Each structure stands twice: as C-alpha cells, then as structure tokens.
C-alpha cells in the first residue's frame with residue numbers, strides 16, 4: 001500500500017472519531033433536553049448546603065464574553081436559575097446577581113467568603129475567606145442588582161445571561177453572619193433541542209465522510225497488481 005493511501009486511512013480514521021464524538025455529544029444533549037429538564041425547561045443540580053462564617057458568600061467573577069449584536073448582549077442565549085432553601089428554617093436569606101465591580105464596591109472591607117471552585121459530582125467547594133466588618137446596609141437596599149430575591153423558605157432568582165462581569169451573592173437578608181442555605185443551580189439554553197439535533201446530524205455526516213475515505217483508500221490498496229503478458233514464443 002502506498003504512503004498516500006496510508007495517510008488517507010489515517011485522516012479518515014481521525015475524521016471518523018471526530019464525527020463520532022460530535023454525534024455522541026449531540027445525542028447526549030438531546031437526552032438531557034428530553035429527560036433531565038423540568039417543566040420550566042431547566043436542567044437542575046440537587047440541593048447542596050452552602051455555609052460561610054462571614055457576612056457574604058460570593059461567586060468568583062463570571063466573565064461572559066459578548067459584543068453588540070451578539071445574543072449574549074441581549075440575554076437571549078441562556079437563563080440561569082438559583083433556588084435556595086433556608087438553613088436554619090426561618091432565617092430570611094438574600095440572593096442577588098450584579099455587576100462584579102458594584103458588588104466589590106458594596107462589599108469592600110466586609111468579611112466575605114469567595115467560592116473559587118465548585119463541583120457537584122461529588123459535591124466539593126473551595127473557598128477563600130477574607131475577614132472584615134459588617135456591611136453598611138442590607139443587600140436589598142442596593143440598586144445595582146440585575147436580579148434579586150429574599151425571604152424565608154424557598155427563594156429563586158432567574159437571570160438571562162448577558163455579557164459582562166457578574167457575581168452571585170448569598171447573604172442573610174439583614175446583613176448579619178454567618179450565612180447558610182441550601183442551593184440548587186439550574187440552566188436553560190434557548191433552542192437546546194435544535195442545537196443538539198444539528199450536532200447529531202453534523203456528526204453523522206462527518207463520520208460518514210471519514211468512513212468513505214477509509215473505504216476508498218482500502219479498496220484502492222487491495223486491488224491485485226496487473227499480470228504481465230506471457231513472453232513471446234521463441235522458435236528454434
């Protein structure tokens with residue numbers, strides 16, 4: 001088999017694997033869209049207990065890249081929902097999402113705990129604690145929140161993702177410490193089914209192209225060499 005055919009088989013194999021991975025990803029998204037979403041279209045995590053000995057528990061900055069004309073600039077791509085159950089029962093909590101610079105301004109010098117890394121399977125959380133004073137006022141008095149909710153029992157905020165730097169904040173409604181609540185995170189992606197279907201079909205096409213390359217290269221390489229004609233008869 002010539003070097004060109006070997007290269008064609010290798011390329012076909014790589015393309016097939018790439019197409020298979022895309023198709024599997026699309027199929028997984030279709031399954032998630034059909035089997036894992038709730039009645040509101042959200043895919044949710046289980047409730048997990050979050051606790052901070054300080055006055056506020058904040059996320060790391062959520063850097064959402066977008067530009068004018070991009071769907072992220074208009075909040076049309078995805079929604080994020082955060083639901084809380086108070087711990088201990090009866091303690092009113094506050095959940096808010098706001099611009100990171102305004103959140104940092106409000107919590108400047110305030111004792112806070114920042115979430116650096118979060119995994120749900122299994123649940124692990126890595127935080128950094130900064131000591132400081134109490135906030136100057138309750139969080140609900142601030143006017144910069146994109147979305148907010150507070151109270152006892154179950155609370156929820158739903159935020160349409162927009163470009164910019166954003167932070168999630170969990171506090172007691174009265175601004176006291178410590179902070180504790182059970183939280184569930186959810187995400188809803190617009191047109192998830194059609195995006196997943198496009199990936200599945202695109203992956204199948206790419207997979208078929210890779211297989212076709214392999215078959216053509218193998219067929220050319222497997223043809224028998226031509227049989228030379230018999231030598232002319234020599235009369236003595």
Residue 134 being farther than 16 Å from residue 57 by Cα and either more than 24 Å from the chain's Cα centre (by Cα) or modelled with pLDDT of 95 or more (or both):
no
Condition met for residue 126 (within 17 Å of the chain's Cα centre (by Cα), part of a strand (DSSP E or B) and modelled with pLDDT of 90 or more)
no
Which one of these does residue 218 not meet: (1) touching a helix residue (DSSP H, G or I) at 6+ places or on another chain (Cβ under 9 Å); (2) at pLDDT 90 or above; (3) surrounded by fewer than 16 Cβ atoms within 10 Å (Cβ to Cβ)?
(2)
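For every residue, the table says whether it meets (1) surrounded by 15 or more Cβ atoms within 10 Å (Cβ to Cβ); (2) at pLDDT 90 or above; (3) farther than 20 Å from residue 161 by Cβ.
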| site | (1), (2), (3) |
| --- | --- |
| 33 | yes, no, no |
| 51 | yes, yes, yes |
| 54 | yes, yes, yes |
| 76 | no, no, no |
| 81 | yes, yes, no |
| 112 | yes, yes, yes |
| 122 | no, no, yes |
Among 17, 11, which is touching a helix residue (DSSP H, G or I) at 6+ places or on another chain (Cβ under 9 Å), under 9 Å from residue 210 (Cα atoms) and exposed (fewer than 14 other Cβ atoms within 10 Å of the Cβ)?
17
When residues of region 188-203 are filtered for being at pLDDT 85 or above and surrounded by 16 or more Cβ atoms within 10 Å (Cβ to Cβ), how many remain?
7
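Yes/no per residue for (1) in contact with a strand residue (DSSP E or B) (Cβ under 8 Å, 6 or more places away or on another chain); (2) over 23 Å from residue 44 (Cβ atoms):
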position: 83; (1), (2): yes, no
position: 102; (1), (2): no, yes
position: 140; (1), (2): yes, yes
position: 146; (1), (2): yes, no
position: 172; (1), (2): yes, yes
Please determine, by comparing only the residues of region 129-160 that are in contact with a helix residue (DSSP H, G or I) (Cβ under 6 Å, 6 or more places away or on another chain) and assigned to a loop (DSSP other than H, G, I, E, B), which one is nearest to residue 94 (Cα to Cα).
142
When residue 43 is evaluated against the numbered criteria (1) in contact with a helix residue (DSSP H, G or I) (Cβ under 6 Å, 6 or more places away or on another chain); (2) modelled with pLDDT under 90, which criterion, by number, is the only one it fails?
(2)
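The values are calculated or read from the model by the stated rules, or taken from the named source; none is laboratory data. Given the structure is predicted, the values throughout are model-derived calculations rather than measurements. Cβ atoms come from the backbone with ideal geometry, glycine included; neighbour counts cover every protein chain shown.
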